[in-house]
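Working notes, structure below.
The values are calculated or read from the model by the stated rules, or taken from the named source; none is laboratory data. These figures come from a predicted structure and were not determined experimentally. In this analysis, Cβ positions are derived from the backbone assuming ideal geometry, glycine residues included, and neighbour counts consider all displayed protein chains.
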Amino acid sequence: MYKLVAIDLDGTLLNSYGQVSESNKESIKVAQDNGVEIVLASGRSTNSVKNIANEIGDCKYIICGNGSLIYDLQKEEIIYDKFIEKSKALQIIKICEQNSIYYNVYTENMVIAKTLSNNVLFYHQENANKPENKKTKINLVDNIYEYVEKLENENILKFTISDTSSIIFNSIIKKLRAIKKIDVLDVAHMSRKIIKSGTEEVSLEYYYTEITCEDVDKWNAIEWLADKLNIQKEEIMAIGDNVNDKLMIENAGIGVAMGNSAPYIKEIADKVVASNNEDGVAEALSQRGQAIL
């Protein structure tokens, strides 16, 4: 019997336009009505994940920044955290600036960037269809180093580094890995998202990695929360599509990979379902409905 289902957002619960389908919402509601704890586990900032959780309804906990924190939605407080120290953040920024590569800083409340490119452009497009209080806050600044240096009362969850050139991307990864007490996610494929430009669809493709504090991972956060809720590993289902979902798919009682997942994620999963554009989450929940309920 599965008591907790951890669900990734981008590429999993959200379709290529950043939306949650009605079929996925309905399947989640059925699981929740039967006592299953639905936990959104994302690399996004806290406010962004909170907005999606509120759209779904009845979620008690969310995991943000790839496991940098767990937020209790009922008490409106952080109950677990592993943030990037400001000194480490400034080291990362300095390397990115020296190598002229695109990067973003994720805090609890916003994404800090210089321009609307890659993942930030996708968030910007996603915001166009949302009311003001549900948008992902994007803060565009000219000098990120100075901005972060002066930042107060704002915890840093993670960085995203990206480039359309694999040569440039791979060269900076080596430099970033030299920084101690941080983890650089090993991503081996391009990210692909779709945005609308007028009546046309435009594909965003870029190489990327994510940087967090040392030992930050979605599975570590899930384990901590499961222990708090007295839920066993065998009672957990994890649904995801990417390398930052790898450990939770490997270690959960049942690991589910989306049809759009990278091949190596499908290989480690117990079950592969339809893509994020074909209601794969609903399929995972309904196919395992008897076991979950």
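Below, the figures for the structure above:
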| read-out | value |
| --- | --- |
| From the options E250, E210, E234, residue that is surrounded by 18 or more Cβ atoms within 10 Å (Cβ to Cβ), of a type in the set (D, E) and either in contact with a Gly (Cβ under 9 Å, 6 or more places away or on another chain) or in a helix (DSSP H, G or I) (or both) | E210 |
| Elements of type strands (runs of 3 or more DSSP E) contained in the stretch 21-92, each with 2 or more residues being within 13 Å of the chain's Cα centre (by Cα) | 37-41, 61-64, 69-72 |
| Top-ranked residue in the stretch 139-166 [being among the aliphatic types (A, V, I, L, M) and within 22 Å of I78 (Cβ to Cβ); ranked as modelled with the lowest pLDDT] | L151 |
| Qualifying positions in the stretch 32-47 - in contact with an Asp or Glu (Cβ under 9 Å, 6 or more places away or on another chain) and touching a residue at least 60 places away in the same chain (Cβ under 8 Å) | A41, G43, R44, S45, T46, N47 |
| The listed residue being in contact with a Cys (Cβ under 7 Å, 6 or more places away or on another chain) and at pLDDT 95 or above, out of I92, I84 | I84 |
| Hey, K158 out of contact with any helix residue (DSSP H, G or I) (no Cβ under 6 Å at 6 or more places or on another chain), buried (at least 19 other Cβ atoms within 10 Å of the Cβ) and of a type in the set (D, E, K, R) or not | yes |
| I56 vs. criteria of a type in the set (A, V, I, L, M) and under 20 Å from S261 (Cβ atoms) | no |
| Any hit, the stretch 172-181, residues being touching an Asp or Glu at 6+ places or on another chain (Cβ under 8 Å) and closer than 21 Å to D241 by Cα | no |
| Check on K114, among the basic types (K, R) and out of contact with any helix residue (DSSP H, G or I) (no Cβ under 7 Å at 6 or more places or on another chain) | no |
| For A113: the one exception among (1) over 22 Å from N51 (Cβ atoms); (2) modelled with pLDDT of 90 or more | (1) |
| Scan of the stretch 122-147 for residues that are of a type in the set (V, I, T) and either more than 9 Å from I112 (Cα to Cα) or not in a helix (DSSP H, G or I) (or both), ordered by number | T136, I138, V141 |
| Given (1) in contact with a strand residue (DSSP E or B) (Cβ under 9 Å, 6 or more places away or on another chain); (2) closer than 19 Å to T209 by Cα; (3) basic (K, R), index of the condition K60 fails | (2) |
| The lone exception for R192 - which of (1) under 20 Å from the mean Cα position of the chain (by Cα); (2) closer than 13 Å to K82 by Cβ it fails | (2) |
| Test: residue in the stretch 199-209 that is outside the structural domain of V243 (by TED's automatic domain parsing), of a type outside the set (F, W, Y) and modelled with pLDDT of 85 or more | yes |
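This table checks each residue for (1) over 30 Å from N118 (Cα atoms); (2) surrounded by fewer than 23 Cβ atoms within 10 Å (Cβ to Cβ).
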{"site": "D8", "(1), (2)": "no, no"}
{"site": "Y17", "(1), (2)": "no, yes"}
{"site": "G43", "(1), (2)": "no, no"}
{"site": "V49", "(1), (2)": "no, no"}
{"site": "D58", "(1), (2)": "yes, yes"}
{"site": "N66", "(1), (2)": "no, no"}
{"site": "S87", "(1), (2)": "no, yes"}
